[in-house]
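The values are calculated or read from the model by the stated rules, or taken from the named source; none is laboratory data. Note that the coordinates shown come from a computational prediction; the quantities given were computed from them, not determined experimentally. In this analysis, Cβ positions are derived from the backbone assuming ideal geometry, glycine residues included, and neighbour counts consider all displayed protein chains. Protein only, heavy atoms only, side chains kept; ligands, DNA and RNA dropped before computing areas. Shrake-Rupley method; radii C 1.70, N 1.55, O 1.52, S 1.80 Å.
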Amino acid sequence: MFFIRSSKKRKDLPDQELISRYRTSGDSAFVGELFERYAHLIYGVCKKYLKDEEEARDASMEVFEYLLKELLKYEIQNFKSWLARATSNFCLMRIRKKRTSESREEEFKKTEVDGVELNADPHLHSEAEEKELEIQRLEAAILELKDEQKT
């Protein structure tokens, strides 16, 4: 099988041929050519969703890594539209992860009962204070249960 080694010749190949050659050879240079062709599209979609230039640049680079895996999984008919959809899905997943971690952080910060911080370092307290904190944590957890579960 004949593989094109020159990047100049790769530039002349259609998208489908680059994908086909990547799948058969595993040479990421073919995906690199696709990425180079559509970097502006990838960056634009990332910027639209993420709203931050630096984060959009980082996400664009991650999309390249994402492409290396995804192009092996799917049979793609129209690469440009598939890429736009895959990039937007990638950004949406990134936003979802970020929101989830932020909400967990907020919940962690809200774990106070009657002005006593529940996530304080237990080594800073005496044994009696630790037991008191445990009781307060337990009471706070019980309050969050449904009525049937409380009994």
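Yes/no per residue for (1) exposed (fewer than 10 other Cβ atoms within 10 Å of the Cβ); (2) of a type in the set (A, V, I, L, M); (3) modelled with pLDDT under 70; (4) more than 23 Å from Asp58 (Cα to Cα):
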| residue | (1), (2), (3), (4) |
| --- | --- |
| Lys97 | no, no, no, no |
| Arg104 | no, no, no, yes |
| Glu112 | no, no, yes, yes |
| Glu117 | no, no, yes, yes |
| Asp121 | yes, no, yes, yes |
| Glu139 | no, no, no, yes |
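Within the range 20-36, which residues are assigned to a helix (DSSP H, G or I) and either at pLDDT 95 or above or small (Gly, Ala, Ser) (or both)? Correct list: Ser20, Ser25, Ser28, Ala29, Gly32. Cβ-Cβ distances below 7 Å connect the following pairs, each with a first residue in the range 70-83 that is more than 12 Å from Asp15 (Cα to Cα), a second residue that is surrounded by fewer than 16 Cβ atoms within 10 Å (Cβ to Cβ) and at pLDDT 90 or above, and a separation of six or more residues or different chains: Leu72/Arg23. Checking each residue in the range 49-63 for being open to solvent by 40 Å² or more (accessible area, probe 1.4 Å), closer than 16 Å to Arg96 by Cβ and not acidic (Asp, Glu) picks out Tyr49, Lys51.
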